[in-house]
Amino acid sequence: MFRMFVRHSVSDYAAWRKVYDAFHETRKQAGVIGEAVYQSADDPNDITLTLDFETLDAAHAFPENTKLKDAYKEAGSVGIPDGWVTRQM
């Protein structure tokens with residue numbers, strides 16, 4: 001299994017969360033098999049996500065999804081997300 005970590009800021013967590021939840025089926029179609037959302041204890045608009053994939057190829061392809069890029073804009077994401085992929089051992 002491969003886990004992607006993504007950290008980014010949003011302008012309004014509640015608005016972001018509505019878009020994130022509506023994007024569930026698209027994440028699933030892109031190979032996401034597990035996910036979690038975390039908020040910074042100091043700033044509720046500082047978000048960290050974990051997204052699980054069965055393959056490294058699916059994990060690497062996910063950030064290039066055009067629907068994802070549109071959703072980031074719609075959700076009020078601020079700046080460019082910082083992301084990395086790890087392998088569960």
**Complete:** One checks the Cα atoms of the chain and finds Rg and Dmax, in Å, of 12.4, 36
**Asked** Hey, in the GNM for the chain with a 10 angstrom Cα cutoff, which one of 54, 74, 25 fluctuates hardest?
**Response** 25
**Prompt:** So how tilted is helix 13-22 from the main axis of the chain? Cα-based, degrees 0 to 90, rounded to 10.
**Reply:** 40
**Request:** Pick out which of 42, 12, 21 has the largest mean-square fluctuation in a Gaussian network model of the chain, springs linking Cα atoms closer than 10 Å.
**Result:** 42
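Only helical DSSP H runs with n ≥ 4 go in: add -39500 (n - 2.57) per run for the chain, normalise by residue count and round the 222 nm mean residue ellipticity to 500 deg cm²/dmol.
Details: 4 runs with 32 residues, N = 89.
Result for the chain: -9500 deg cm²/dmol, rounded to the nearest 500.
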**Request:** Only Lys, Arg, Asp and Glu count, each charged at its Cβ (+1, +1, -1, -1), so figure out the dipole size of the chain about its Cα centre, rounded to 20 debye.
**Result:** 140
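Taking Cα pairs under 8 Å and at least six residues apart, what relative contact order does the chain come out at, in percent? Before the final figure, lay out the partial values.
Values: 146 pairs, mean separation 45.4, N = 89.
After rounding, I find 51 percent.
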**Complete:** Under a Gaussian network model of the chain whose springs join Cα atoms within less than 10 Å, the largest fluctuation of 75, 22, 41 belongs to 41
**Prompt:** Distance from the Cα centre of the stretch 66-89 to that of the stretch 1-52, in angstrom?
**Reply:** 8
**Calculated on alpha-carbon atoms, Rg and Dmax of the stretch 1-46 in Å** = 11.7, 33
**Asked** Angle between the Cα long axis of helix 66-75 and the longest principal axis of the chain, 0 to 90 degrees, nearest 10?
**Response** 20
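Readers should treat all values here as calculations from the given coordinates under stated rules, not as data from a laboratory. None of these values were measured; they are calculated from a predicted model. Glycine also receives a Cβ, built like all others from the backbone with ideal geometry; neighbour counts cover every protein chain displayed.
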